[in-house]
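Q: Can you keep this structure in mind? I'll have questions shortly.
Throughout, read-outs are computed from the coordinates displayed, never taken from laboratory work. This one's a predicted model, so the numbers in the text were calculated from it and none came from an experiment. Here the Cβ positions follow ideal geometry from the backbone for every residue, glycine too, while neighbour counts run over all protein chains shown.
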Amino acid sequence: MTDTLKDAFFLLGTMDGRLLEIVGLSLRVSLTALLIGALLGLPLGAWLAVAKFPGRGAIIVALNALMGLPSVVVGVLVYLALSRSGPLGSYGLLFSPTAMIIAQSMLVVPLIAAVSRQIVEDAWKEYAPEFSVIGIGRPQAVVLLLADCRFSLSVATLAGLGRAMSEVGAVMIVGGNIDGYTRVMTTAIALETAKGDLALSIALGIVLMTVILTLNVAAYHLRCWAARRYG
């Protein structure tokens, strides 16, 4: 065990090329999925927070349920859509980083939308009377509330990034875990552990935990800073 830990820290200390390749792909895929998730999830959540229409409650319940959607289910759905017999099979996206981004985006969008909906709805209840007095409609209110809640919403996006980076099932199914092409940190850890290459698994695990811990620390300090600055 001691030798394995030494080998793991050696890989980290020497910036092993294979390790950097896996980490780099993980960040590219997850950050792209986060961008898509934020662009779709934030407006969707804000709209649900202020809109009134039949079935709104059912959509909110479904969105909250999708926050806990198993990643393997998402992987199967994306696999079926991108397979040769699927509706998007002609694009040849299966077993590619693009397929992994699609799968991670499907996991991130509901999370960001559900959390942002609750944040904006709480703000809407507070400011709705003022908006009514000065004649601001719901579409304009969405933009203003998104801007006003930007610090709280940034915590939601960081949570989305953590969800994307830590999942393994979906990217394993749609990415194929191809060495040098679709192998990310979580899938590499699973494969290398099964192969007995614990040094690389531990090194990747340390990097992954460091990234996730950094995200949580950043979210905590951002929330505290916003509370001090804006009360």
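Q: Give the label of the value calculated from the structure for Rg and Dmax of the Cα atoms in Å, choosing from [x] 17.9, 58; [y] 18.4, 66; [z] 20.5, 70.
A: Read-out from the structure maps to [z].
Q: Of all trypsin sites (Lys or Arg not before Pro) in region 150-231, which ones are in loop regions per DSSP and have a Cβ with at most 16 other Cβ atoms within 10 Å?
A: Loop-located and lightly packed - none at all.
Q: When we measure straight from the Cα of Lys195, which lysines land under 23 angstrom away, once same-chain ones fewer than 8 places off are left out?
A: Here the lysines satisfying the reach criterion relative to Lys195 are Lys6.
Q: By average Cβ neighbour count within 10 Å, what is the ranking of 208-218, 43-53 from highest down?
A: 43-53, 208-218
Q: ³J(HN,Hα) across region 176-190 via Karplus (A = 6.51, B = -1.76, C = 1.60, θ = phi - 60°), whole Hz, x for Gly/Pro?
A: For region 176-190, the Karplus-derived couplings read x, 6, 7, 4, x, 9, 10, 8, 10, 4, 5, 6, 5, 4, 4 Hz, x marking Gly and Pro.
Q: Rounded, prolate or oblate: pick one for region 5-94, where a ≥ b ≥ c are the square roots of the eigenvalues of its C-alpha gyration tensor, a/c under 1.5 means rounded, and failing that, prolate if a/b is larger than b/c, else oblate.
A: Since a/c reaches 1.5 and a/b is larger than b/c, the shape of region 5-94 is classed as prolate.
Q: With an 8 Å cut-off on Cα pairs and a minimum separation of 6 or more residues, tell me the relative contact order of region 2-230 in percent.
A: Once normalised by length, the contact order is 32 percent.
Q: So, one more: If the reach is capped at under 19 angstrom between alpha carbons, list the aspartates and glutamates near Lys52, excluding any in the same chain fewer than eight residues apart.
A: Those aspartates and glutamates meeting the cut-off are Glu121, Asp122, Glu126, Glu130.
Q: HN-Hα J couplings of region 57-71 from phi, Karplus 6.51/-1.76/1.60, θ = phi - 60°, integer Hz, Gly and Pro as x?
A: x, 5, 5, 5, 4, 5, 5, 5, 5, 5, 4, x, 4, x, 5
Q: Using alpha carbons only, how many degrees (0 to 90, rounded to 10) separate the axis of helix 97-134 from the longest principal axis of the chain?
A: Rounded to the nearest ten degrees, it is 20.
Q: Additional query: Once phi is turned into θ = phi - 60°, what whole-Hz ³J(HN,Hα) does the Karplus curve with 6.51, -1.76 and 1.60 give for every residue of region 203-220, x standing for Gly and Pro?
A: Values, residue by residue: 4, 5, x, 5, 4, 4, 5, 5, 5, 5, 5, 4, 4, 5, 5, 4, 5, 5 Hz.
Q: Just to confirm a number: summing +1 for Lys and Arg and -1 for Asp and Glu over residues other than Leu107 whose beta-carbon lies under 10 angstrom from that of Leu107, what do you get?
A: That works out to 0.
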